[in-house]
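Nothing in this text is a laboratory measurement; each read-out follows from the coordinates by a stated rule. Note that the structure is predicted; figures quoted are calculated from it, not measured. Every residue, glycine as well, gets a Cβ built from its backbone with ideal geometry; the counts of neighbours run over all protein chains shown.
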Amino acid sequence: MTTLSKIFMIGALLVLMIFSFGFKDPHLELFSYPPVVEMLTVLTAFVYGQPFAASVVYGAIVTALFCGYAIIMATYKASRPKAFPRWIVSLIALAVFSFPALSYDVFNYILTAKMTFYYQENPYIVMPIEIPNEPMLAYTRAANKVALYGPSWIALTSFPYIVGRTSVTAAIFSFKAFVALFYCALVYMIYRKTKRWDQAMFFALNPLIILEGLVSGHNDPVMMALAVAGLLLWHRASTHYKVAGIVLFTASVLVKGATIALLPLFIFSSWTWEKKIVWGYWLMFGIFLLSPLREELYPWYATWWLTFASFVPIRKNSFIHAFSFAVCVGLMLGYLPWIATREYGGITPAIRTMLTVVPPVMYVLYYFRHYFINRKRYYKKRA
Amino acid sequence: MKRFFVGVIISVLYCFSMLPTVRADYVLPYPGFMPGNKLYKVSRFLDKAKEPLYFGPLSAYKYHLGLADKYLVEAKVLFEYKQYLLAVDALARSDKEFTMLPRYLVQAGKQRKDVSLFEQQLSEAALMHKQILEELLVQLPDTFTWTPEKSAATLLPLKDLLQSSVTIRSNVL
């Protein structure tokens, strides 16, 4: 079973690594080596020219990833590995070296960093579009906005920006590798606190985390790593650790702002760790549900509550974990209509909403049906 | 025949109305707190305090243009309310901010930033400023002697001051 799951996951990510380059913007030149350029032309012609077939490939990749993930999580206890499964490292590498197919946010991060560190302009005042001779404008979305993220994120991006300043290709991979560092930090913190690899793998192998954090390079793992590190340090007895915890939590809030919802976990110091993580899960889930008020329900926002779900002890029929799984399936399927139609309007939003909502709703119905049947049986037995 | 001539005249007038005319689409800001308000000094302090946040030549350009606009509107309102001494001070501040603008654009250009959009904006701003100043030139007396209750009188050469402000704006057009 474990071998099968490995084949599912590594195979799917290998296909994704190649397939993802087909989503490259036609104005973006990643490589100059002619055979690679030729291969990318074929891939982009497939993705843009055969959108329905591309959506089938994407659907197959997501299905394989979720199947592999489900098998690993279901069979984990049977195989009982004591050490960290090293094949996950190759999985991370495949994801990092994929093209950010599903989102253009990484280009936005790079351009904001360029505005700050190369042009030396305040990114909260000058928009990238106001410098018309900037070459990245040809393929960067949301260039008509000032910086969308907080100052601690902009300060942190100085590291990947310096590493990848030679070319756009280097910048894309340095930004993704930078996010991957925080992803690894989160996996480590989950294991360190829970002392269970299945808990860490619940986060590390989740297809949504892999696709949105490692492939698309969203900064949510950075925000969550800072918040969780802050919370763990806040739990220590020493004042120095507590101060460091507050500093890290503040830095997290200044990445995107969503983690401000975790403030009660710092205020109510009498709460146990177990109570805090369950509250953390539902608080971040609440913010996730409220996010459409600002823009829309983006799949990568699921990182916020998945982080806390990974700290909640995994038990048989655990609602939080199974529900999180169903929501993740729905969110990742939500990309299908966009890939198939290459349109944000028309019927795309309606199908997207349906695909996103159906899996969690089906799970909730199944859960309650199961719950009421069990309760009936219990009362029958007692009678 | 009469109808024909009327038709020709209307058509010619319509064609002329369609020709592009020099007009500024530039929108000036609300001036905020005015002198006499308790928060006026706070507002002035905040204007100064914000300056370090506008690092980079394009950011600095935006900062100084914002202040040039704000102080010009402040001067206009004060002139309209015949508070000439305060108005002259606000106008001097607006002039000072406006004269700094081309320097920042030159600096940005030297950093290989395409400043064409900002140059266009500066021309529009100059045009709008000029329009307001020229209106004031018509409305206001050439000179005015400001006589406070407890101190010496001050002669304000309003026409010369406004003319000088117009020249500052004209230089960037």
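The table below lists the values:
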| read-out | value |
| --- | --- |
| Selection from A:Ile125, A:Trp279, A:Met115, by position along the positive dipole direction of chain A (Cβ) | A:Trp279 |
| At most 15 other Cβ within 10 Å, DSSP loop - trypsin sites (Lys or Arg not before Pro), the stretch A:11-101 | A:Lys82, A:Arg86 |
| Filtered chymotrypsin sites (Phe, Trp or Tyr not before Pro), the stretch A:296-383: DSSP coil and at most 13 other beta carbons within 10 Å | A:Tyr344 |
| Pairs of alpha carbons in the stretch A:307-363 whose separation is greater than 15 Å (percent) | 53 |
| Separation of alpha-carbon centers, the stretch A:20-39 and the stretch A:301-316, rounded to whole Å | 37 |
| Cα-centred dipole magnitude for the stretch B:29-170, charges only on beta-carbon of K, R (+1) and D, E (-1), debye, nearest 20 | 540 |
| Whole-angstrom gap from the stretch A:259-299 to the stretch B:122-155, using each part's C-alpha centre | 57 |
| Between the stretch A:362-383 and the stretch A:216-256, the alpha-carbon center distance in angstrom | 40 |
| Stokes-Einstein D (µm²/s) once Rh is taken as the Kirkwood radius of the protein assembly as shown over alpha-carbon pairs, at 37 °C in 0.692 mPa s | 117 |
| Principal semi-axes in Å for the stretch B:29-170 [√(5λ), Cα gyration tensor, largest first] | 29, 19, 12 |
| Pairs from A:Lys114/B:Lys50; B:Lys48/B:Lys96; B:Lys41/B:Lys96 whose Cα-Cα separation, in the structure shown, is over 21 Å | A:Lys114/B:Lys50 |
| Qualifying aspartates and glutamates (Cα of each under 19 Å from Cα of B:Lys70; at least 8 residues distant if same chain) | B:Asp25, B:Asp47, B:Glu51, B:Glu80, B:Asp89, B:Asp95, B:Glu97, B:Glu124, B:Glu134, B:Glu135 |
| Where N is the number of residues in the stretch A:1-141, Cα Rg divided by 2.2 N^0.38 Å | 1.34 |
| Using alpha-carbon coordinates, inclination of helix A:87-96 to the longest axis of chain A, degrees | 40 |
| Cα-centre dipole for chain A with unit charges at Cβ (Lys and Arg positive, Asp and Glu negative), debye to 20 | 2520 |
| Radius of gyration, Dmax [the stretch A:212-367; alpha carbons; angstrom] | 17.1, 57 |
| Space enclosed by the convex hull of the alpha-carbon atoms of the stretch A:122-169, per residue, Å³ | 90 |
| Cβ neighbours within 10 Å from other chains - mean over A:113-119 | 2 |
| Proximal lysines relative to A:Lys380, as straight alpha-carbon distance under 24 Å, when same-chain residues fewer than 8 apart are discounted | A:Lys316 |
| Chain A, helix-only ellipticity at 222 nm - DSSP H runs n ≥ 4, -39,500 (n - 2.57), divided by all residues, nearest 500 | -21500 deg cm²/dmol |
| Over chain A, relative contact order from alpha-carbon pairs under 8 Å, at least 6 apart, % | 16 |
| Kyte-Doolittle mean at least 0.5, axial Cα span of 15 Å or more - DSSP H helices of chain B | B:2-18 |
| Square roots of 5 times each gyration tensor eigenvalue, C-alpha, the stretch A:334-380, largest first, Å | 38, 7, 4 |
| In Hz, Karplus ³J(HN,Hα) per residue of the stretch A:288-301 (6.51, -1.76, 1.60; θ = phi - 60°; x = Gly, Pro) | 4, 5, 7, 4, x, 4, 7, 9, 8, 7, 7, x, 5, 5 |
| Among A:39-45, A:288-294, A:130-136, the order from most to least packed when residues are scored by Cβ within 10 Å on average | A:130-136, A:39-45, A:288-294 |
